[in-house]
Amino acid sequence: MMRACLLAFLTVTACTEASAPDTTPERTRLAPGEIRSGYTFLQPQTQALQDDDFANPGFLWVDRGDALFHEAAANGKSCASCHGEEGEELASAAAHYPAIDEDSGELVNIEGRINLCRARHQEREPLDYESDDLLGLTAYVAYLARGVPMSVDISGAAQSWYEKGEDYFYTRRGQFNLACSQCHNESWGKKLRGDTISQGHGNAFPGYRLEWQSFGSLQRRLRDCDSGVRAEPLDYGSDTYKAVELYLAKRAEGLAMESPGVRR
Ligand code: HEC
Ligand code: HEC
């Protein structure tokens, strides 16, 4: 039974070739010179929307984050009091996340880092994943790093997280029994339900998706990919998705940060 290749994915040749349902996908890699942003696969009008800081709807969240960044907590501290009036101390920070938090030894993504600062330095409650406030602050911090090449550290305590993310990337899942790699390494450039499959980099996120009519985190995008193969998406902030974020960031090394990106 060709469980791997039902209906919707018939145009994906990786799928038709890999018709034995439970074979482990080969650990194919993108060649370094072949790494391309998802931007290069978009229609020109979507690219134009991303490029225009006035029309790009993601700037609603950047502006919200900018305001929150300057808002003092009850202890008198705003993000800006420690990180600079224009966030200058964070000019490239987002390009180096996820990263290990030295105090806890845990991997944190940029959302997690912002929440740690709120708790440790502002004595505030953490913000919920996908709340406009957390999206806003994340958008602002990512925007400060726009154009900076992605580069994460996968040594030391980060290494096992990286490997966990890599394993997830090459594991088949869902009713369609497809691994991330089968779409984003083996089938990029092919059409799928009106989309051109990209290489699956996270450099545009947090970003605005026309399909969402809203802004969302990279984990929201990952949840959509898992749902797309009819797998149960993981919880927001789960260790596994953080590990996948680290794997994706390393895989995209050198690609410029684009957030706030615009995607279909
Ligand atoms: C059935 C094919 C398929 C599978 C399997 C799949 N994706 Fe995707 N993915 C897509 C499509 C289609 C899009 C939207 C168009 C594109 O590729 O940017 C997308 C988009 C993305 C994006 C956003 C790229 C951008 O520039 O906006 C990321 C990141 C991503 N996928 C990661 C993953 C990860 C990680 C997995 C495994 C957990 C995965 N995908 C599994 C088809 C797939
Ligand atoms: C009282 C000072 C203080 C405040 C207020 C503060 N931070 Fe921080 N922030 C730090 C320190 C110190 C670090 C280094 C890690 C640590 O000790 O937690 C840090 C680290 C960071 C980093 C990671 C920087 C890197 O290069 O890895 C980001 C991003 C960040 N903060 C964002 C924010 C945001 C957004 C706010 C407001 C919601 C905020 N911080 C509030 C002191 C502060």
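Of the residues GLU130, GLU125, GLU111, which single one is without any contact (Cβ under 8 Å) to a residue 12 or more places away in the chain and of a type outside the set (A, V, I, L, M)? Even if it seems obvious, please write down each step before you answer.
Values: GLU130 fails: without any contact (Cβ under 8 Å) to a residue 12 or more places away in the chain; GLU111 fails: without any contact (Cβ under 8 Å) to a residue 12 or more places away in the chain.
GLU125 is the lone residue from the list that is without any contact (Cβ under 8 Å) to a residue 12 or more places away in the chain and of a type outside the set (A, V, I, L, M).
State whether one or more residues within the stretch 142-154 are without any contact (Cβ under 8 Å) to a residue 60 or more places away in the chain and buried (at least 22 other Cβ atoms within 10 Å of the Cβ). Break it down stepwise before answering.
Keep residues of the stretch 142-154 that are without any contact (Cβ under 8 Å) to a residue 60 or more places away in the chain, which gives 144, 153.
From the residues that got through so far, the ones that are buried (at least 22 other Cβ atoms within 10 Å of the Cβ) too are 144.
Yes: one or more hits.
Of all residues in the stretch 27-51, which are closer than 16 Å to PRO149 by Cβ and more than 20 Å from the chain's Cα centre (by Cα)?
Of everything in the stretch 27-51, just one residue is closer than 16 Å to PRO149 by Cβ and more than 20 Å from the chain's Cα centre (by Cα), namely GLY33.
Quick check: is even one residue across the stretch 175-196 crowded, with 17+ Cβ neighbours inside 10 Å, within 14 Å of the chain's Cα centre (by Cα), among the charged types (D, E, K, R) and more than 16 Å from ligand 2 (Cβ to nearest atom)?
Taking every residue of the stretch 175-196 in turn, none turns out to be crowded, with 17+ Cβ neighbours inside 10 Å, within 14 Å of the chain's Cα centre (by Cα), among the charged types (D, E, K, R) and more than 16 Å from ligand 2 (Cβ to nearest atom).
Kindly list the number of the only condition in (1) acidic (Asp, Glu); (2) under 22 Å from ASP51 (Cβ atoms); (3) open to solvent by less than 20 Å² (accessible area, probe 1.4 Å) that fails for ASP226.
(2)
Checking VAL244 against (1) open to solvent by less than 10 Å² (accessible area, probe 1.4 Å); (2) more than 20 Å from ILE35 (Cα to Cα): exactly one of these is not met. Which one?
Going through the list (1) open to solvent by less than 10 Å² (accessible area, probe 1.4 Å); (2) more than 20 Å from ILE35 (Cα to Cα), VAL244 breaks only (2).
Residue check, PHE54 against (1) more than 23 Å from PHE169 (Cβ to Cβ); (2) modelled with pLDDT under 95, all met but one. Which one?
(2)
Can you name the number of the only condition in (1) under 30 Å from ASP239 (Cα atoms); (2) more than 16 Å from ligand 1 (Cβ to nearest atom) that ALA95 fails?
Among (1) under 30 Å from ASP239 (Cα atoms); (2) more than 16 Å from ligand 1 (Cβ to nearest atom), the lone unmet condition for ALA95 is (2).
Do any helices (runs of 4 or more DSSP H) lying entirely in the stretch 43-98 carry at least 1 residues that are open to solvent by 30 Å² or more (accessible area, probe 1.4 Å) and within 11 Å of ligand 2 (Cβ to nearest atom), and which ones are they?
Hits in the stretch 43-98: 59-69, 79-83.
The values are calculated or read from the model by the stated rules, or taken from the named source; none is laboratory data. None of the values given here were measured: they were computed from a predicted structure. All Cβ positions, even for glycine, are placed from backbone atoms using ideal geometry, and neighbour counts span all protein chains on display. Only protein heavy atoms, including side chains, enter the accessible area calculation; ligands, DNA and RNA are left aside. Shrake-Rupley method; radii C 1.70, N 1.55, O 1.52, S 1.80 Å.
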